[in-house]
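A.B. asks: My questions will all concern the structure given below.
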Amino acid sequence: MNLRKPVAGLFPLVLLLAQCVLAQSVSKADFADEIRRIEQFVEAQMKRDGSVGLSIGFSKDGFVWTKGFGYADFENKTAATADSSYRMASVTKPMTAVGILKLVEQGKIDLDAEVQAYVPYFPKKKYPVTVRQLLGHIGGISHYRNYLVEGRIKEPKTTREAIAIFEEFDLIAEPGTRYSYSSYGFNLLGAVIEGASGKSYGEYMKENIWGPLGMKATRLDDPLEIIPNRVRGYQLVNGKLKNSEFVDISSRFAGGGTRSTVGDMLRFSEGLRNGEILKQENVIEMWTSQVTKVGRDIGYGYGWGTNTANGRFVVGHGGAQQETKTYLLTVPKKNFSAAVAINFEPANPSAYVQQVFEIVLGEPWSIQYYAPEPSENAWLEGLDGGFDFGMRYFDQHGRAMSEDAHDLAKAFEYLNSIESTDPDVIRHALGDGRHPVTGSPLVKVISHMASTMARMKGGDLGDYYKKGVPALLDDYSVIASEAGLPARVRLSEDLRKKASKWALDWRRTSRELETGFSVDEDTDLDKISAKLRSTFKGASVYPDLIPDFDRLIRSRVEKGDVPGALKAGKAAVDLYPLSAETNGLYGILLVITGHEEEGVSLLKKSAGINPNGPAGRRGLNAVAYDLASVGRPEAGLRLLLTAVKMYPDEANLFDSVGDFYNRMGDKAKAIEFYEKALAIDDKYPAAENAKKILADLKRGQ
C-alpha cells in the first residue's frame, strides 16, 4: 500500500471547496423528475415483493435525497422515515475495512502481518493468515458451518466469545488461493482493530470513522438500549407475515453487528469519495479487486465488492440477516451513491438500488444479450464479460491497462486466435482472458478500445455504457480502418464481421422494443410473444428479456395462476431455448404441477448449460424453500423429491426433504430422509443439527 504523505491538508480542502460549489449549484428541483420516478418505482416494487417498510436515498454531486416508505412498525402503524434505524448486516464489512485502513495510515497495522500479531489468542493454522487476505475473503477462514445454530444466537457475546465460536475451525483452503465469503473473517478483523487500537471495536469506530464522518445514527446494535427510530423486522412463514425471529447480533459485531440509517450510509460513501477519512490512494487500493495466487480477479477489494454496471466502475455491498436487507452502492467517477434498507427479510434490495442508478444516471445497470446460435451466444457472453472488466478499468483509472505496442499486439493476438466453434471452449478462453493468469488480454483490448474512442469523442464514452460491447467493437473497427491502425491492434476479419452484424441486429431489435413495451401482469402474452418472434426473427442477437419473464412467472405462481405461469414459461423457453434460466424455471413449474417427466428433461438441460443455475443442487433447494415461504410447502416437497433423484449423492437435499416432512408432521418420512442424508455424508454442513433432530424424532416415536 502506498502511504506516501501528501501535501498536508491540501487535497481535502480542494475537495471540500468543490463539494460546496456542487452543493450550491445542485438542488432538489434539478432532480424533481428523477425523484418522482424513484417514488413510483418504490411503491410498485414494494407491492411486488410485499415489503413492509424501507428507507432509500441517493447522493449526486453534493445533493442528497432520502425518504421512508411503508411501516417501520407494522403492528403500531409507525411510518418508516429517512431517519429510521435498521440493522446494517454485512454493510458493516466496508466500515470495518475502513477502520483497518485507518489504523494502517496510523502505522498501527501492517496488512501483510499475520493476524496473531494483533490477536495473539487466535490459534495458529496450517498456513499463515494475513490481515490483507481477511479483507478480501481469501484468508481461508470458514463462514457459518451450521447457520441454524450459529446464525440464531440469542445471548450477547463479547469479542472473545464471538471469536471462540470459530477459532478451532480448520481453514477451508490455503490462504490466497480461493475466494470464500466469511463473516467470521471480518469478526477476526474486528478483533484486529481492538488489538491494534487498544479500544473496543465500537469505541474505535465511533471515534475514528463514524464520528468524523458525521454518522451520528451509526452504532453497534443492542437489543437492551433505547435506540431512536429503531425499526421492527418481518419475515414470511408459510406465506404469512410474521415478526422476525429474535437474534442477538453482537456475535457478528465487525461482520454484521451495526445499526444505522440510509442517510448515514450515504455519508459514509460520500466521505470516502471525498477523501475525508482515508487518503485517496488507499481508497483506490481498497476499491481494487484482490487477485488469487494463481492470478484470478476475485471481484472483491478490501471489504467492498468491486463490481461493474455495464462497464461503469461501481463498488458496493449488500447485507441480509434477521430483520433486515440492505445495500450500499457508490459510483466514484459519477459522484453518485445509492442506499436502501428494508425491514422485510425476503425483499431484494439490489432491485431498488439498481433502479435508482438507472433513473439518476440515465444508464442501464446491465445489457442482457441473447444469441440463438450457441457459439455466438458464447462469444457475446464472453465479450460482454471482457467489456465489463475493460470498461471498468478505464472508468476507474482513466487510461488503458496497457499502451505498450508489443503487449497490445499479444493481447489482440490472444483474442483473434480463438477459432473454435465449441461454446465451452469459447467461454473458457474469453473468461480466462479477463484475468491476470493470462495477462488480462481481454481487459487490455477493451480498455485500449475505450481509450481510443475517448480520444476520438473528446473524452465522452457515455454512448458505450448505454449501447454495450457490440457498438464498441464495431465502432473501433471502423475507426481502426479509417485511421489506418496497424493490423496488430485490429480485430480479425471474422470477428470484425461478427461485431458488425451484432451491432446492426442489436440496434434494430432493441430499438423496436424501446417504446411502450413491457412484460408484466397486464401483458397479453399471445400478442407479446408474436411481436417478439417477429422482431427477433433472423437476428444474430436480440434483447434478453428472461428476467421480465421470470418476474411474471413468479408473480403468477404466487397468485395461484398456474395455467398463466405455465403459458409464460413455455413462451420464455420458445424465445430463449439456450437459457439455463428459462429451461430451469419452466422445468420447475412442470414438476410441481405433476408433469415430472417433461420437467426433469428441461431441468437436466438447464443444469447442463449451467450447473450452478436454477436446476443445480443449490438452485432447486432454494426454490423449494421459496415455495414453502409463500405457503406452497407441498410444491416445494415435490420439487425436492425430484431433486434427490437427479442428485442422489447430495446429502443436503435429503436433509431438506427430511426438514419438509418434519414441518408437515410426517415424522416417519422425516426420519427416513435424515438417515439417508447422514448415510451419504455424515459430515455435511448441517449434519450435527440433523443428528440432534433425528434423536428428538426417535424419542418422540
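Computed from the coordinates by the stated procedures, all read-outs in this text should not be read as laboratory data. Since the structure is predicted, the reported quantities are computational estimates derived from the model, not experimental observations. Quick reminder, even Gly has a Cβ in these numbers, built from the backbone with ideal geometry, and neighbours come from all protein chains shown.
A.B. asks: What ranking of Asp696, Asp110, Asp522, Asp395 emerges when the number of other C-beta atoms within 10 Å of each C-beta is taken as an exposure proxy, fewest first? Before the final figure, lay out each step's value.
C.D. replies: Numbers: Asp696 11, Asp110 16, Asp522 6, Asp395 22.
Ranking Asp696, Asp110, Asp522, Asp395 by Cβ neighbours within 10 Å, fewest first, gives Asp522, Asp696, Asp110, Asp395.
A.B. asks: Would you order Ile38, Ile680, Ile226 from fewest to most other beta-carbon atoms within 10 Å of each residue's own beta-carbon? Mind dumping the intermediate values first?
C.D. replies: Working: Ile38 22, Ile680 18, Ile226 6.
In order of increasing Cβ crowding within 10 Å: Ile226, Ile680, Ile38.
A.B. asks: Compute the length gained on full extension between Glu512 and Lys570: take 0.36 nm times their separation in residues and subtract their Cα-Cα distance, giving the result in nm to one decimal.
C.D. replies: Fully extending the segment from Glu512 to Lys570 adds 18.6 nm.
A.B. asks: Let me ask something additional. Which cross-chain or sequence-distant (5 or more) residues have an amide H under 5 Å from the amide H of Thr288, H modelled 1.01 Å from N in plane?
C.D. replies: Distant-sequence amide H within range of Thr288: Tyr302.
A.B. asks: Quote to one decimal, in nm, the extra length available between Glu43 and Asp522 on full extension: 0.36 nm per residue of separation minus the C-alpha distance between them.
C.D. replies: Result: 170.7 nm gained on full extension.
A.B. asks: OK, next. Leaving out same-chain residues fewer than 8 places away, which lysines sit with a Cα under 22 Å from that of Lys604?
C.D. replies: Partners found: Lys567, Lys570, Lys645.
A.B. asks: Same structure again: Is there a pair in Lys242/Lys669; Lys334/Lys466; Lys498/Lys537; Lys206/Lys279 whose C-alpha atoms are over 21 Å apart, and which pairs would that be? Walk me through the numbers on the way to the answer.
C.D. replies: Numbers: Lys242/Lys669 28 Å; Lys334/Lys466 15 Å; Lys498/Lys537 17 Å; Lys206/Lys279 19 Å.
Exceeds cut-off: Lys242/Lys669.
A.B. asks: For Lys77 and Glu174, what is the calculated FRET efficiency with R₀ set at 51 Å and r taken between the beta-carbons, to the nearest 0.05?
C.D. replies: Working: r = 54 Å, r/R0 = 1.06.
Given R0 = 51 Å and the Cβ-Cβ separation, E is 0.40.
A.B. asks: Using just the helices of the chain, give the 222 nm mean residue ellipticity in deg cm²/dmol: DSSP H runs with n ≥ 4 each add -39,500 (n - 2.57), and the total is spread over all residues, rounded to 500.
C.D. replies: Working: 29 runs with 354 residues, N = 701.
For the chain, the value works out to -15500 deg cm²/dmol.
A.B. asks: Say R0 is 22 Å: what FRET efficiency, to the nearest 0.05, do Asp422 and Ser500 get from their beta-carbon distance?
C.D. replies: Numbers: r = 23 Å, r/R0 = 1.06.
According to the calculation, E is roughly 0.40.
A.B. asks: A further question follows. If a/c stays under 1.5 just call it rounded; otherwise compare a/b with b/c (prolate if a/b is bigger, oblate if not). Do that for the stretch 369-512, with a ≥ b ≥ c from the square roots of the Cα gyration tensor eigenvalues. Could you put the intermediate results ahead of the total?
C.D. replies: Numbers: a/c = 1.41, a/b = 1.09, b/c = 1.29.
Because its axes are fairly even, with a/c under 1.5, the stretch 369-512 counts as rounded.
A.B. asks: With the cut-off at 29 Å, tell me which of the pairs Lys240/Lys683; Lys93/Lys293; Lys67/Lys216 have Cα atoms farther apart than that. Don't jump to the answer; show the numbers that get you there.
C.D. replies: Details: Lys240/Lys683 34 Å; Lys93/Lys293 23 Å; Lys67/Lys216 18 Å.
In this structure, Lys240/Lys683 lie more than 29 Å apart at Cα.
A.B. asks: Also, I was wondering about something else. Whole-Hz ³J(HN,Hα) for each residue in the stretch 589-601, computed from phi via Karplus 6.51 cos²θ - 1.76 cosθ + 1.60 with θ = phi - 60°, x for glycine and proline: what do you get?
C.D. replies: Karplus values, whole Hz, x for Gly and Pro: 4, 5, 4, 6, 9, x, 9, 5, 4, 5, x, 5, 4.
A.B. asks: Going by C-beta contacts inside 10 Å, put His428, His406 in order with the fewest on the left.
C.D. replies: Numbers: His428 15, His406 9.
Ascending number of Cβ neighbours within 10 Å: His406, His428.
A.B. asks: For Lys125, go through the aspartates and glutamates and keep the ones whose alpha-carbon is under 20 Å away, minus same-chain ones fewer than eight residues off.
C.D. replies: Cα-Cα hits under 20 Å: Asp110, Asp112, Glu114, Glu161, Glu167, Glu168, Asp170, Glu174.
A.B. asks: Moving to a separate point now. Return the loop-located trypsin sites (Lys or Arg not before Pro) in the stretch 614-701 (DSSP other than H, G, I, E, B) with at most 11 other Cβ atoms within 10 Å of their own Cβ; answer none if there are none.
C.D. replies: Details: sites: Arg617, Arg618, Arg638, Lys645, Arg663, Lys667, Lys669, Lys676, Lys683, Lys691, Lys692, Lys698, Arg699; in loops: Lys683.
Answer in residue order: Lys683.
A.B. asks: Treating only the Cβ of Lys, Arg, Asp and Glu as charged (+1, +1, -1, -1), what charge dipole size does the chain show about its Cα centre? Round to the nearest 20 debye. Walk me through the numbers before you get to the answer.
C.D. replies: Working: 88 positive and 91 negative charges, 143 e Å.
The calculation lands at about 680 debye.
A.B. asks: Tell me, what ³J(HN,Hα) does each residue in the stretch 653-662 have, in order and in whole Hz, if you take phi through Karplus 6.51 cos²θ - 1.76 cosθ + 1.60 with θ = phi - 60° and put x for Gly and Pro?
C.D. replies: Once θ is set to phi - 60°, the couplings for the stretch 653-662 become 5, 5, 4, 5, 4, x, 4, 5, 4, 5 Hz.
A.B. asks: If amide H atoms are built 1.01 Å from N in the plane of the peptide, which residues on other chains or at least 5 residues away come under 5 Å of the amide H of Gly53?
C.D. replies: Tyr71, Asn343, Phe344
A.B. asks: Return the subset of Lys124/Lys157; Lys47/Lys154; Lys605/Lys676 for which the Cα-Cα distance in this structure is over 25 Å, preserving the input order. Before the final figure, lay out each step's value.
C.D. replies: Working: Lys124/Lys157 23 Å; Lys47/Lys154 32 Å; Lys605/Lys676 27 Å.
Over 25 Å apart, Cα to Cα: Lys47/Lys154; Lys605/Lys676.
A.B. asks: For Thr78, which sequence-distant residues (separation of 5 or more, or a different chain) have an amide H within less than 5 Å of its own amide H, given hydrogens modelled in the peptide plane?
C.D. replies: Amide H neighbours of Thr78, under 5 Å, 5+ apart: Ala72, Asp73.
A.B. asks: Further question on the same structure: Label the stretch 264-423 by shape, choosing from rounded, prolate and oblate, from the square roots a ≥ b ≥ c of the eigenvalues of the Cα gyration tensor; if a/c is under 1.5 it is rounded, and otherwise prolate applies when a/b is larger than b/c, oblate when it is not. Intermediate results must be reported in sequence, preceding the final value.
C.D. replies: Values: a/c = 2.16, a/b = 1.43, b/c = 1.52.
Taking the square roots of the gyration eigenvalues as a ≥ b ≥ c, the stretch 264-423 is oblate.
A.B. asks: On to the next question. Quick check: from the Cα gyration tensor, does the stretch 10-361 come out rounded (a/c under 1.5), prolate or oblate?
C.D. replies: Details: a/c = 1.69, a/b = 1.21, b/c = 1.39.
Judged from the Cα gyration tensor, the stretch 10-361 comes out oblate (a/c at least 1.5, b/c at or above a/b).
A.B. asks: State which stretch of the chain is the longest one without any exposed GluC sites (Glu not before Pro), exposure meaning a DSSP loop state and at most 14 other Cβ atoms within 10 Å.
C.D. replies: Answer from the scan: 522-701.
A.B. asks: Around Val237, what is the net charge, scoring Lys/Arg as +1 and Asp/Glu as -1 over all other residues with Cβ under 12 Å from its Cβ? Don't skip to the answer; put the middle values down first.
C.D. replies: On the way: positive: Lys240, Lys242, Arg663; negative: Glu245, Glu345.
Combined, the nearby Lys, Arg, Asp and Glu give +1.
A.B. asks: Continuing with the same structure: Ordered by residue, what ³J(HN,Hα) values in Hz, to whole numbers, does the stretch 684-696 give under the Karplus form 6.51 cos²θ - 1.76 cosθ + 1.60, where θ = phi - 60° and Gly and Pro are x?
C.D. replies: Coupling constants for the stretch 684-696: 5, x, 9, 4, 4, 5, 4, 5, 5, 4, 4, 4, 5 Hz.
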